[in-house]
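Working notes, beginning with the structure itself.
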Ligand SMILES: C[S@@+](CC[C@H](N)C(=O)[O-])C[C@H]1O[C@@H](n2cnc3c(N)ncnc32)[C@H](O)[C@@H]1O
């Protein structure tokens, strides 16, 4: 049952039925802050993992990043493409399963960004995801990861994300550079999110 989340049709249906309650309808405040404080080097490449309707991807492109945005839901990408068109944002949209991206393409990224995507995967795939992120990053690349929801949950999506477990899994591949609990979350997500930045050493 839990594996249903591995199918794009599951996500397509949620989007079609307007059950996409995670959707902020606006860029993520924490991501905007990172852009504004010039955390990202302009003209670097970024992959938005599970981009949904594309708000953060568009902001990243407007900032001057070279943006690729992957999502395996055709519904989500259709909305994201429309938004990008309206905003004249140039984005390389990839209708793909992120778990197979590194085999399908040789492109590697300076940054990968994940918000509310990790918690949507079946929890059995977490180690595989860390390995996937490692494969998709360039050397010295950064994984910008907002952990959500950092609480125990008996079911999902979203599946609960335990910070210590996450550090253990990702540290097999990457180095944790910073962890910040004091971030600008929207009201219902206050105290339920942590910003982690990981670096790929080699
Ligand atoms: C909960 S939504 C979050 C979307 C977006 N990050 C946001 O914050 O609005 C999870 C997204 O990840 C996508 N997704 C889930 N598993 C995926 C996979 N294996 N490959 C690519 N996209 C995936 C879903 O289609 C969905 O758009």
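Any read-out appearing in this document is the output of simple, stated calculations on the displayed coordinates, not a laboratory observation. Predicted, not measured: the structure shown is a model, and the values here were computed from it. When we count neighbours, we look across all protein chains shown, and the Cβ atoms used for this are built from the backbone with ideal geometry, even at glycine.
Summary of values
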{"item": "Modelled FRET efficiency - R0 35 Å, residue 19 with residue 162, Cβ distances, 0.05 increments", "result": "0.85"}
{"item": "Spatial separation of Cα centroids for the range 108-142 and the range 24-101, in angstrom", "result": "15 Å"}
{"item": "Sum of -39500 (n - 2.57) over DSSP H runs of 4+, divided by residues of the chain (222 nm, nearest 500)", "result": "-8500 deg cm²/dmol"}
{"item": "Sequence-separation-based contact order of the range 101-157, relative, with Cα cut under 8 Å and 6+ spacing, percent", "result": "51 percent"}
{"item": "Residue list for the range 44-69, given a label point 7 angstrom along the Cα-to-Cβ vector of residue 82 and an amide N cut-off under 13 Å", "result": "53-54"}
{"item": "Segment residue 90-residue 41, length gained on full extension (0.36 nm per residue, minus Cα span)", "result": "15.9 nm"}
{"item": "Whole-number percent relative contact order across the chain, with pairs defined as alpha carbons under 8 Å at least 6 apart", "result": "18 percent"}
{"item": "Angstrom value of the Kirkwood radius, inverse mean 1/r, which spans all Cα pairs in the range 105-166", "result": "12.4 Å"}
{"item": "Gain in span if fully extended, residue 181 to residue 155, counting 0.36 nm per residue against the direct Cα distance", "result": "7.0 nm"}
{"item": "Fraction of beta bridges assigned by DSSP in the range 2-199 that are antiparallel (%, nearest 5)", "result": "35 percent"}
{"item": "Calculated FRET efficiency for the pair residue 33/residue 135, C-beta based, R₀ 30 Å, to 0.05", "result": "0.60"}
{"item": "The range 34-67 residues near the modelled residue 26 label - backbone nitrogen below 15 Å, point 7 Å along Cα→Cβ", "result": "55-56, 59"}
{"item": "Mean Cα-pair separation over length for the range 44-123, i.e. relative contact order, pairs under 8 Å, 6 or more apart, %", "result": "38 percent"}
{"item": "FRET efficiency estimate (nearest 0.05) - Cβ-Cβ, residue 12 to residue 171, R0 30 angstrom", "result": "0.30"}
{"item": "Kirkwood hydrodynamic radius (C-alpha pairs) into Stokes-Einstein, the chain, 4 °C and 1.567 mPa s, D in µm²/s", "result": "77 µm²/s"}
{"item": "Exposure proxy ranking, count of Cβ atoms within 10 Å, fewest first, for 154, 45, 178, 135", "result": "154, 178, 135, 45"}
{"item": "Proxy reagent accessibility, fewest Cβ within 10 Å first, across 175, 107", "result": "175, 107"}
